[in-house]
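Q: I'd like to ask you about the structure that follows.
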Amino acid sequence: MLLETINVEKRFGGLAAVNDVSIQVEQGEIYGIIGPNGAGKTTFINCISGYYKPDKGRVFFDGKEVTGFSPFDLCHRGIARTFQIVRSFPKMTALENVKVAVVYGGKHHRGADKRARELMEFVQFPTAEDTLAENLNILQLKRLELARALSCDCKLLLLDEVAAGLNPSELPDFIDLIKRIRDTGVTIVCIEHVMKFIMACCSRIAVLNFGKKIAEGVPSEINQNQEVIEAYLGESIIH
C-alpha cells in the first residue's frame with residue numbers, strides 16, 4: 001500500500017468539510033474520487049498534499065506517517081499534484097516553466113534543459129517550447145502542468161480535475177497519457193467530474209458527499225450504487 005488515510009477530518013468553523021474519511025491506495029493504482037461540488041474532495045486532497053493540516057486523523061505515505069507535513073517536504077518525499085485552476089508562470093516560456101519545476105522540485109539540478117525537454121516530450125506537449133505560458137490554451141496548459149508535476153520524480157500524483165475543460169475529441173489521448181504515467185510506476189489519485197475519464201482510468205472509486213465517504217468500489221459497483229446515483233450521478237452511466 002502506498003497511501004493510507006485514517007479517519008481524516010478537516011473543519012472550517014462548524015463545517016466538517018472532510019468528515020472521517022479513510023482510503024487505501026495500492027502501488028500502481030489509479031484511484032478516483034468523485035462527488036458533488038462542495039463534497040470535500042479538494043479539501044481532502046489538500047490534507048494529503050500538505051496544504052491543510054487535518055484536524056483529526058492520520059495520513060501515511062510509503063509506509064511512514066506524514067500527517068501535517070508541508071507541501072515542500074511531501075514533494076521531496078515523492079508526492080506531486082496538479083490544481084483545479086492551472087497555475088503557471090505566464091511571462092515565462094513553456095520550457096522555462098518546466099525547468100523551474102525540475103530545478104526546485106526534482107533531483108536534476110544539472111542538465112535541467114534536457115530533463116525538462118524529456119518531460120515535455122513524454123506528455124506530448126503540442127506546441128513550441130518557447131511559447132509564453134500566457135499564450136497557451138487549456139489543453140496545452142494541462143499537459144504543461146503534468147510535465148511540471150512529474151519533474152519531482154514522484155511516486156504519487158494527485159490530480160484535481162485534470163480533464164476539466166477538455167473537449168470530447170481531446171479526452172481519449174489524455175486518458176492514454178494518464179495511463180502511460182501510471183505505467184511508469186506512478187500511483188495516481190484523481191478528483192474528477194468527467195465520468196468518461198473516471199470510468200476509463202480508475203480501478204477503484206471513492207464517492208464523497210457532504211464530507212463523508214458514502215461508497216467505494218470498482219467502477220461497475222459505483223455505477224449501480226443507488227446512494228451514489230441519488231447523490232451525484234443522477235442515473236447509471238454504464239449501459
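Q: Which is in contact (Cβ under 8 Å) with a residue 12 or more places away in the chain, charged (D, E, K, R) and assigned to a helix (DSSP H, G or I), of Glu118, Glu96, Glu129, Glu134? Step through it out loud before you land on a result.
A: On the way: Glu118 fails: in contact (Cβ under 8 Å) with a residue 12 or more places away in the chain; Glu96 fails: in contact (Cβ under 8 Å) with a residue 12 or more places away in the chain; Glu129 fails: assigned to a helix (DSSP H, G or I).
Testing whether each residue is in contact (Cβ under 8 Å) with a residue 12 or more places away in the chain, charged (D, E, K, R) and assigned to a helix (DSSP H, G or I) leaves just Glu134.
Q: Moving on to the next point. Filter segment 195-211 down to the residues that are surrounded by 15 or more Cβ atoms within 10 Å (Cβ to Cβ) and part of a helix (DSSP H, G or I) and list them by number.
A: Passing the criteria: Met195, Phe197, Ile198, Met199, Ala200, Cys201.
Q: Quick check on my filter: what residues within segment 17-41 are buried (at least 22 other Cβ atoms within 10 Å of the Cβ), among the β-branched types (Val, Ile, Thr) and over 13 Å from Cys202 (Cα atoms)?
A: Of everything in segment 17-41, those that are buried (at least 22 other Cβ atoms within 10 Å of the Cβ), among the β-branched types (Val, Ile, Thr) and over 13 Å from Cys202 (Cα atoms) turn out to be Val18, Val21.
Q: OK, next. Output the number of residues of segment 1-41 satisfying the condition of being assigned to a strand (DSSP E or B) and in contact with a Lys or Arg (Cβ under 6 Å, 6 or more places away or on another chain).
A: Looking only at that region, the number is 9.
Q: Would you please name the residue that is modelled with the highest pLDDT, looking only at residues in segment 212-239 that are loosely packed, with under 15 Cβ neighbours inside 10 Å and hydrophobic (A, V, I, L, M, F, W, C)?
A: Selected residue: Val218.
Q: Determine, yes or no, whether Gly50 is in contact with a Pro (Cβ under 6 Å, 6 or more places away or on another chain), at pLDDT 95 or above and surrounded by 14 or more Cβ atoms within 10 Å (Cβ to Cβ).
A: Answer is yes for this residue.
Q: Using the structure shown, decide if Leu141 is more than 20 Å from the chain's Cα centre (by Cα), touching a residue at least 40 places away in the same chain (Cβ under 8 Å) and within 24 Å of His193 (Cα to Cα).
A: No: the conditions fail for Leu141.
Q: Something else now. Just wondering, is there one or more residues in segment 171-180 that are more than 21 Å from Phe89 (Cα to Cα), in contact with a strand residue (DSSP E or B) (Cβ under 7 Å, 6 or more places away or on another chain), buried (at least 16 other Cβ atoms within 10 Å of the Cβ) and hydrophobic (A, V, I, L, M, F, W, C)?
A: yes
Q: For segment 96-104, indicate whether the set of residues that are at pLDDT 95 or above, surrounded by 15 or more Cβ atoms within 10 Å (Cβ to Cβ) and out of contact with any helix residue (DSSP H, G or I) (no Cβ under 6 Å at 6 or more places or on another chain) is non-empty.
A: yes
Q: Then there's this: Looking at segment 146-194, which of its residues are more than 21 Å from Gly28 (Cα to Cα) and in a helix (DSSP H, G or I)?
A: Result: Leu171, single match.
Q: Could you tell me whether segment 17-31 includes any residue that is touching a helix residue (DSSP H, G or I) at 6+ places or on another chain (Cβ under 6 Å) and closer than 21 Å to Val186 by Cα?
A: The answer is yes, given that some residue of segment 17-31 is touching a helix residue (DSSP H, G or I) at 6+ places or on another chain (Cβ under 6 Å) and closer than 21 Å to Val186 by Cα.
Q: Here is a check on your reading of the model: is Asp130 modelled with pLDDT of 95 or more, among the acidic types (Asp, Glu) and touching a Ser or Thr at 6+ places or on another chain (Cβ under 6 Å)?
A: So Asp130 passes the test.
Q: Can I ask one more? Residues being surrounded by fewer than 20 Cβ atoms within 10 Å (Cβ to Cβ) and in contact (Cβ under 8 Å) with a residue 24 or more places away in the chain: count how many of those fall in segment 3-14.
A: Keep residues of segment 3-14 that are surrounded by fewer than 20 Cβ atoms within 10 Å (Cβ to Cβ), which gives 4, 6-7, 9, 11-14.
Next, only the ones that are in contact (Cβ under 8 Å) with a residue 24 or more places away in the chain stay: 4, 6-7, 9, 11.
Total satisfying the criteria: 5.
The values are calculated or read from the model by the stated rules, or taken from the named source; none is laboratory data. What you are looking at is a predicted structure, and each value in this text was computed from that prediction instead of being measured. All Cβ positions, even for glycine, are placed from backbone atoms using ideal geometry, and neighbour counts span all protein chains on display.
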